[in-house]
Amino acid sequence: PYHSDITKNKDILFLPETEMKKISSLIKKQNSSYVWIGISSPKQEFIANQLFDSIKKEKIIFICIGAGKDFLLGKKKEAPRYLSNLGVEWLYRLLTDFNHSKLKVLRHFLALFYIISGKIKIRKNNF
């Protein structure tokens, strides 16, 4: 396990070079096939993409679990299934945890902008 205080900085979407090299070398040293990232979205997706580029290993899977650990530990309540099925779990989060979710929704729209503008490329892995 690796813990970094850098993930608490809400203003960054990418790891600083020194932090990224430290995490990349740890993943390579462990010869990991699966890497779990449990920080807020969309930051975890950007970081997974950044690490994937750094590691240059084809058979590695990054699993972005976000609040999954909080659900498992009972710290947060999951959205009702029908809202999840409709794809509006974000709306449930926005309404039930507004102070936390308002910035997250803004970051998702920022991430969408980066993807549409071509600054971030979506990967298609064929395993």
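I'd like the full set of residues that are on the phi < 0 side of the Ramachandran plot and polar (S, T, N, Q), limited to the stretch 23-44. Give the steps one after another, and end with the answer.
To start, the set of residues in the stretch 23-44 that are on the phi < 0 side of the Ramachandran plot comprises 23-30, 32-44.
If the condition is that a residue be on the phi < 0 side of the Ramachandran plot and polar (S, T, N, Q), then Ser24, Ser25, Gln30, Ser32, Ser33, Ser40, Ser41, Gln44 are the ones that fit.
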| request: May I ask you to list pairs of residues, at least six apart or on different chains, whose Cβ atoms are under 8 Å apart, with the first in the stretch 24-50 being within 16 Å of His108 (Cα to Cα) and basic (Lys, Arg) and the second being assigned to a helix (DSSP H, G or I) and open to solvent by less than 30 Å² (accessible area, probe 1.4 Å)? | output: Lys43/Arg107
| request: Kindly indicate whether Leu110 is among the hydrophobic types (A, V, I, L, M, F, W, C) and closer than 21 Å to Phe14 by Cβ. | output: yes
| remark: Checked Ser84, Ser54 against criteria (in contact with an Asp or Glu (Cβ under 8 Å, 6 or more places away or on another chain) and of a type in the set (Gly, Ala, Ser)); the one match is Ser84
| Members of the stretch 28-47 found to be at pLDDT 90 or above and open to solvent by less than 40 Å² (accessible area, probe 1.4 Å), listed by number | Val35
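Let me confirm something: among Ser84, Ser101, which residue is modelled with pLDDT of 80 or more and polar (S, T, N, Q)?
On the way: Ser101 fails: modelled with pLDDT of 80 or more.
One residue alone meets the criteria, Ser84.
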| Do you know which of the residues in the stretch 1-23 that are closer than 27 Å to Val105 by Cα and hydroxyl-bearing (Ser, Thr, Tyr) is modelled with the lowest pLDDT? | Thr7
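Could you please give the count of residues in the stretch 63-78 that are in contact with a helix residue (DSSP H, G or I) (Cβ under 7 Å, 6 or more places away or on another chain) and either farther than 16 Å from Pro42 by Cβ or at pLDDT 85 or above (or both)? Walk me through how you get there before you give the answer.
Within the stretch 63-78, the subset in contact with a helix residue (DSSP H, G or I) (Cβ under 7 Å, 6 or more places away or on another chain) is 64, 66, 76, 78.
Right, trim to either farther than 16 Å from Pro42 by Cβ or at pLDDT 85 or above (or both) and you get 64, 76, 78.
Number satisfying all stated conditions: 3.
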| field | Residues satisfying the stated conditions in the stretch 79-94, i.e. surrounded by fewer than 14 Cβ atoms within 10 Å (Cβ to Cβ) and in contact with a helix residue (DSSP H, G or I) (Cβ under 8 Å, 6 or more places away or on another chain) | value | Pro80
| message | Condition first: open to solvent by 60 Å² or more (accessible area, probe 1.4 Å) and part of a loop (DSSP other than H, G, I, E, B). Now tell me which residues in the stretch 114-123 satisfy that. | response | Lys119, Lys121, Ile122, Arg123
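The values are calculated or read from the model by the stated rules, or taken from the named source; none is laboratory data. Since we're looking at a predicted model, the values are computed, not measured. When we count neighbours, we look across all protein chains shown, and the Cβ atoms used for this are built from the backbone with ideal geometry, even at glycine. Just the protein is used for accessible areas: all its heavy atoms, side chains included, with ligands, DNA and RNA removed. Shrake-Rupley method; radii C 1.70, N 1.55, O 1.52, S 1.80 Å.
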